[in-house]
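Student: Submitted below is the structure of interest, expressed as structure tokens.
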Amino acid sequence: MGIKLSIAQASGQRYIVDLMLMRLGRWLRLMGQDVANPDAASDREILDKAKKEMRTVITRDRRLWQSCLRADQPCILIASSRIREQLLEMAGAGLPLRLEPDRCTLCNGPLRQLAGDEREQWQCRICGKLYWRGSHWKKMERMLGEISSRG
Ligand SMILES: [Zn+2]
């Protein structure tokens, strides 16, 4: 178990994930969070980008976490390498575990809801990827439900 810095209210913040947590980053976007990918792998660059864009760093790297503490930069240290536990750790930091079609999982672009059709659809304003509440969506909702009930 690692040390975790819990923050009272994680919801509605902007984040940046490190390279080890890109998958978690995609999940967080599905939950409507604004999550940037790092432009580079170095701690310095992640920290600089986080500062400049006022993002909370999410990392599994203790050294980066310590650099953040020293720089007075909000940071969440994730202990687990497994996505379910990682999501549970985010829930522990105050993030509600529910899907929110608001952000593109690929590029973090904002989604817009498409009119018309009987099924709800969303499209990324930047890369054009389409989203809808299909079986994949339901599977993920189920997984979040399971994780929530464990927490
Ligand atoms: Zn996109």
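The values are calculated or read from the model by the stated rules, or taken from the named source; none is laboratory data. This is a predicted model, so every value here is computed, not measured. In this analysis, Cβ positions are derived from the backbone assuming ideal geometry, glycine residues included, and neighbour counts consider all displayed protein chains.
Student: Taking the residues in region 95-151 that are assigned to a strand (DSSP E or B) and within 22 Å of residue 16 (Cβ to Cβ) as candidates, determine which candidate is nearest to the ligand (Cβ to nearest atom).
Tutor: Applying the filter and picking the extreme gives 124.
Student: Checking residue 125 against (1) out of contact with any strand residue (DSSP E or B) (no Cβ under 8 Å at 6 or more places or on another chain); (2) surrounded by 12 or more Cβ atoms within 10 Å (Cβ to Cβ), which test does it fail?
Tutor: Here residue 125 clears every test but (1).
Student: State whether one or more residues within region 77-100 are modelled with pLDDT of 95 or more, of a type in the set (A, V, I, L, M), crowded, with 17+ Cβ neighbours inside 10 Å and more than 21 Å from residue 142 (Cα to Cα).
Tutor: Within region 77-100, one or more residues are modelled with pLDDT of 95 or more, of a type in the set (A, V, I, L, M), crowded, with 17+ Cβ neighbours inside 10 Å and more than 21 Å from residue 142 (Cα to Cα).
Student: Another question, then. Could you please let me know if residue 63 is loosely packed, with under 12 Cβ neighbours inside 10 Å and in contact (Cβ under 8 Å) with a residue 60 or more places away in the chain?
Tutor: No: the conditions fail for residue 63.
Student: Continuing with this model, one more query. Specify which of the listed residues (133, 70) is charged (D, E, K, R) and at pLDDT 95 or above.
Tutor: 70
Student: With on the phi < 0 side of the Ramachandran plot, of a type outside the set (Lys, Arg) and in contact with a strand residue (DSSP E or B) (Cβ under 6 Å, 6 or more places away or on another chain) as the only criterion, which of 75, 107 stands out?
Tutor: From the options 75, 107, the qualifying one is 75.
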